[in-house]
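**Student:** Sharing a structure, written as structure tokens. Questions coming.
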Amino acid sequence: MPSPLPRPHADAPVRRLTRGDLVPCADLCEDRGWPRDEPRWGLLLSAGTGYGIDDPEGKGLMAACVVTSYSQGFAAVGMLLVAERYARQGIARRLMRHVIEATGTTSLSLYATEPGRPLYEELGFETVGRTERVVGHFRPSDSSSGGVSTASTVTVRPAAAGDLHAILRLDAEVFGADRTHILARLPAFADHLRVAEDNGELVGYAAIWPSERTHAVGPLIARDTDTAKALVTALAKATDRPLRLDIDARHGELLSLLKECGLKAGSFTTVMTYRAPELPGDWTRRFAPLTVATG
């Protein structure tokens, strides 16, 4: 009879992760049935602060998460993962408590899966919203082709190096905090980056990046729903892969449009905050995050 797995020690240290931990972090994802997404881990560990607990048996990481900090005393927590062999032993709770202590008075946000939500509620996080994931091959319909009021004045084109300043300015206004350290890496991280202009003014931008067999759309920042439609339509033409989007559930018109165009409803996540009554910025122009891990 095999001996039982040793229970992790209560005082097993939490340590800072580095880019050298990229593969063990991807292994954790694979262990829990998530896409490995090593490029995404590379982005997160470069632009954020990773925390992890080493497996006492020397098999990589027992647990990990990443905190991406922004200006205005705000940070996003993401990618909280515990190896299946150590699940339901209080490891996630312990790691989250470490993050809460390490971030001091910083306001935190996260996107919680349904299984994870009770833990975050126990720790004091409060629900402020919800996102709906839609996935599938995008097939433009008549209503997505630009036949509505503002679409005829909007031009969507590939982003150029000279667009970065305007993207950063618009993003800070909409997101509610400066995330230059993330967006400066976006051209190298994304497979395609598009901007939307109206008479020479940048009114939106969006990117797609690879995640397993799909292309994830994010960020999706747009002046209005019509502009968001135009950006998604342009990005869909640049790939043969299915699209994946995590859309703020308040954007019901865009969700309906995406479903008309062939995308199927998937999972929901709960948007939660700690030490803050709501997310900063302007939700009416924030349609989808870069990735839920970065807020």
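Nothing in this text is a laboratory measurement; each read-out follows from the coordinates by a stated rule. Predicted model only: the values in this text are computed from it and were never measured. In this analysis, Cβ positions are derived from the backbone assuming ideal geometry, glycine residues included, and neighbour counts consider all displayed protein chains.
**Student:** I'd like the orientation of helix 225-236 relative to the chain: the angle between its Cα long axis and the longest Cα principal axis, in ° from 0 to 90, rounded to 10.
**Tutor:** Helix 225-236 and the main axis of the chain meet at about 70 degrees.
**Student:** May I ask you to compute the full-extension gain from T180 to R19, defined as 0.36 nm times their residue separation minus their alpha-carbon distance, rounded to one decimal in nm?
**Tutor:** Stretched fully, the T180-R19 segment lengthens by 56.0 nm.
**Student:** Around A184, under 13 Å between beta carbons, what's the net of Lys plus Arg minus Asp minus Glu among the other residues?
**Tutor:** That works out to -1.
**Student:** Under 10 Å, Cα contacts only: if you run a Gaussian network model on the chain, which one of L279, L81, L164 comes out with the highest mean-square fluctuation?
**Tutor:** L164
**Student:** Right, another one. Calculate the all-directions average of the projected area of the stretch 21-149's alpha-carbon convex hull, and give it in nm².
**Tutor:** So the Cα hull casts an average projection of 11.0 nm².
**Student:** Would you calculate, for the chain, the mean residue ellipticity at 222 nm contributed by helices, counting each DSSP H stretch of 4 or more residues as -39,500 (n - 2.57) and dividing by all residues, to the nearest 500?
**Tutor:** After summing the helix terms and dividing by the residues of the chain, the value is -7500 deg cm²/dmol.
**Student:** Which FRET efficiency value, to the nearest 0.05, is calculated for T113 and E201 with the Förster distance at 41 angstrom and r the Cβ-Cβ distance?
**Tutor:** 0.60
**Student:** Given N residues in the stretch 135-246, what is Rg(Cα) / (2.2 N^0.38 Å)?
**Tutor:** Taking the Cα Rg and dividing by 2.2 N^0.38 Å, one obtains 1.01.
**Student:** Let me ask another. With r defined as the distance between the Cβ atoms of A188 and R85 and R0 fixed at 30 Å, what FRET efficiency is calculated, to the nearest 0.05?
**Tutor:** Approximately 0.30, to the nearest 0.05.
**Student:** I would also like to ask the following. Report, to the nearest 10°, how far helix 22-31 tilts away from the longest principal axis of the Cα atoms in the chain, using its own Cα long axis and a range of 0 to 90°.
**Tutor:** It is inclined by approximately 90 degrees.
**Student:** Same structure, new question: Under a crude label model (7 Å from the Cα following the beta-carbon direction), how far is K59 from T153 in nanometres?
**Tutor:** Calculated label separation equals 6.0 nm.
**Student:** Here's another thing I want to ask about it. Under 26 Å between C-alpha atoms is the cut-off here; go through the chain and count lysine pairs that meet it, provided they're at least eight residues apart or on different chains.
**Tutor:** Lysine pairs meeting both conditions in the chain amount to 5.
**Student:** Could I ask something else about it? Compute the helix-to-body angle for 91-102: its Cα long axis versus the longest principal axis of the chain, expressed 0 to 90° and rounded to tens.
**Tutor:** It is inclined by approximately 70 degrees.
**Student:** So how far apart, in nm, are the two label points at S267 and R139 if each is 7 Å from Cα heading toward Cβ?
**Tutor:** Result for the modelled spin labels: 2.7 nm.
**Student:** I've got another one for you. In Å, what Rg and Dmax follow from the Cα atoms of the chain?
**Tutor:** When restricted to Cα atoms, the chain yields Rg and Dmax of 19.6, 73 Å.
**Student:** So between H165 and L123, what do we pick up on full extension, going 0.36 nm a residue minus the alpha carbon distance?
**Tutor:** Contour length minus Cα-Cα distance gives 11.3 nm.
**Student:** I would also like to ask the following. When the Cα atoms of the stretch 215-265 are enclosed in a convex hull and the volume is divided per residue, what value in Å³ results?
**Tutor:** Spread over its residues, the Cα hull of the stretch 215-265 gives 76 Å³ apiece.
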